[in-house]
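First comes the structure, then the notes that go with it.
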Amino acid sequence: MNIKNDTLLRDFLNHLELDGNNDIIFSAPFGTGKTYFLKEDFVPKCEEQYNAIHLYPVNYSVSSNEDIFELIKYDILFELVLKYKDSIENIDALELDKGLALQLYIQDNFKALDFTQQVFKATTKLGKSIFDILGLLKLEKDKFDEFYGDLKTNEFKTIKAYLESFEGGRGLKEFDTISALISEILRRLKSETKQNVLIIDDLDRIDPEHIFRIFNVLSAHRDYHTSKNKFGFDKVILVCDIENIRRIYEHRYGKHVDFQGYINKFYSKSIYSFNNSRYIREALRDYLDGLNYDDFPNNLRHFRLNSRNGDGFYKSFLYLLQIFVEHRKLSLRSLKNIQIIPLMQQYFFNKETQSNENIVTSYGFLVLIQYMSVLFGSRQAFFKAVEELKEENFIFDFHSLSLDPYHYNMFLRNFFSMVISVIQMNLMKDEVEGLEFAIWGTDKKIPYIVKRYNYDKSADVAFFNDDSFYDVDIIDFLYKALTIVENRKLLS
């Protein structure tokens with residue numbers, strides 16, 4: 001699905017560029033496209049303004065803040081090498097601490113067993129003096145000096161040695177020099193028109209035990225007096241669902257602990273709430289129109305999900321979909337599951353015609369439930385989303401669907417027609433006139449006529465007048481209709 005995020009990108013940049021806005025929490029529910037936006041829009045389109053280092057700590061599995069710090073440092077160095085290798089290889093060497101160099105040398109070059117054997121031979125042979133042992137030590141010192149000198153002349157070799165040591169599972173506890181090296185590289189990459197940005201993504205996907213360790217480590221790595229990041233990043237962006245973080249915090253420390261007092265240390269101005277639902281809705285029509293219906297049964301063409309269909313089913317599906325997107329019950333990741341699904345075959349024996357009839361494909365409302373169930377993952381998940389909207393006292397503004405009053409009213413009429421035809425199934429064997437349907441939650445009663453449709457068990461519902469449907473609570477209506485479908489077991 002092609003989401004045009006240019007306007008949203010401008011909005012985010014306006015927030016990012018606020019004076020003194022160095023720490024940012026970038027928040028949205030899981031699956032709404034946060035990572036996609038940052039990776040595909042922010043980073044490539046703003047590379048003239050920002051050097052972005054994008055980390056994904058989903059695989060961090062450690063037990064202390066020190067280890068978290070080491071992992072973050074490793075990832076930063078790895079990304080710097082990956083993106084700016086040429087720049088690192090060509091810059092002047094930074095003074096390298098001998099203690100760190102000695103650790104690297106011992107771990108990767110010093111042959112402890114060979115050295116011990118040589119010393120043992122020297123001390124067990126008659127006539128050997130202490131000078132022989134000193135000679136062995138000097139030889140090893142010369143090897144170290146050569147190794148140290150080589151590292152000093154090339155920062156990239158220092159980084160490479162560090163990364164290889166880390167990947168070997170040995171780790172280093174002397175952090176100062178590597179931290180200084182990162183800071184120096186970032187300082188040289190920065191310019192008057194280009195800042196360094198650290199993005200730590202997927203915080204809502206990692207082990208809850210490690211979320212607050214990452215927060216605390218990053219907070220500790222900011223200078224208390226200057227508020228500057230000690231690594232040299234001008235801005236740090238933490239990507240998560242802040243409401244999910246809140247729930248984890250309350251579960252860990254209790255509901256009465258001051259979460260806001262804790263979390264406000266990690267952002268400078270305000271939490272940036274990423275909301276691309278408007279742009280997803282705008283892309284939905286094009287996406288649905290692009291679906292391939294070559295193998296779709298012709299007798300079910302009225303259930304195709306594209307604007308060329310133009311009937312009530314497509315519009316009802318589209319507008320309901322937009323409502324769920326607007327209120328974040330459906331994510332961008334879920335919408336990518338839209339596909340041409342095989343419609344369920346569920347037959348019943350019609351005593352009137354003495355034949356089996358497919359109850360599902362005879363009723364648009366039941367087909368709509370099938371499509372929604374695929375998007376939500378299950379029928380139960382779809383029903384739960386409707387129930388949540390109902391409990392949230394959902395108030396819908398039809399202007400958010402870019403509809404005028406006339407077309408919104410037509411949408412409601414089409415939708416009610418589909419629902420009524422299902423819940424009044426016992427009336428479908430003949431044409432029935434003079435019926436009234438009381439809209440749940442209102443005093444409105446709608447007169448209508450039920451007509452047989454294509455000689456099967458489905459029906460058209462024709463309304464007798466042009467009454468407005470605006471005062472109908474569509475979510476409450478949908479919830480009660482779904483309850484009837486469940487109670488009557490109309491879907492297996």
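The values are calculated or read from the model by the stated rules, or taken from the named source; none is laboratory data. Everything numeric in this text was worked out from a predicted model, so none of it was measured. Heads up, the Cβs are rebuilt from the backbone with ideal geometry, glycines too, and the neighbour counts pull from every protein chain shown.
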Being surrounded by 21 or more Cβ atoms within 10 Å (Cβ to Cβ) and at pLDDT below 85, is that true of even one residue in the range 338-357? no
Take the range 51-70 and flag every residue that is modelled with pLDDT of 80 or more and either outside any loop (DSSP other than H, G, I, E, B) or among the basic types (Lys, Arg) (or both). Asn51, Ala52, Ile53, His54, Leu55, Pro57
Test: residue in the range 94-101 that is part of a loop (DSSP other than H, G, I, E, B), surrounded by 14 or more Cβ atoms within 10 Å (Cβ to Cβ), at pLDDT 85 or above and touching a Ser or Thr at 6+ places or on another chain (Cβ under 7 Å): no
Residue list for the range 1-38, filter: assigned to a loop (DSSP other than H, G, I, E, B) and under 11 Å from the mean Cα position of the chain (by Cα): Ala28, Pro29, Phe30, Gly31, Thr32, Gly33
Filtered residues of the range 223-257 (kept if modelled with pLDDT under 90, surrounded by fewer than 19 Cβ atoms within 10 Å (Cβ to Cβ) and more than 25 Å from Gly31 (Cα to Cα)): Asp223, Tyr224, His225, Thr226, Ser227, Lys228, Lys230, Tyr253, Gly254, Lys255, His256, Val257
Among the residues of the range 1-30 satisfying the criterion of being farther than 20 Å from Leu55 by Cβ and in contact with a Leu (Cβ under 8 Å, 6 or more places away or on another chain), which is surrounded by the most Cβ atoms within 10 Å (Cβ to Cβ)? Ile3
Checking Asn264 against (1) within 23 Å of the chain's Cα centre (by Cα); (2) of a type outside the set (Lys, Arg); (3) outside the structural domain of Thr35 (by TED's automatic domain parsing), the condition it does not meet: (3)
Every pair of residues 6+ apart whose Cβ atoms lie under 6 Å, when the first sits in the range 355-383 and is in the same structural domain as Ile338 (by TED's automatic domain parsing) and β-branched (Val, Ile, Thr) while the second is assigned to a helix (DSSP H, G or I) and modelled with pLDDT of 80 or more: Val360/Leu366
Pair list, Cβ under 9 Å, 6 or more apart: the range 266-292 residue free of Cβ contacts under 8 Å to residues at least 24 places away in the same chain, other residue part of a loop (DSSP other than H, G, I, E, B) and among the small types (Gly, Ala, Ser): Asp289/Ser307
Considering residues of the range 268-278 that are modelled with pLDDT under 85 and in contact with a helix residue (DSSP H, G or I) (Cβ under 6 Å, 6 or more places away or on another chain) only, the residue nearest to Leu335 (Cα to Cα): Ser277
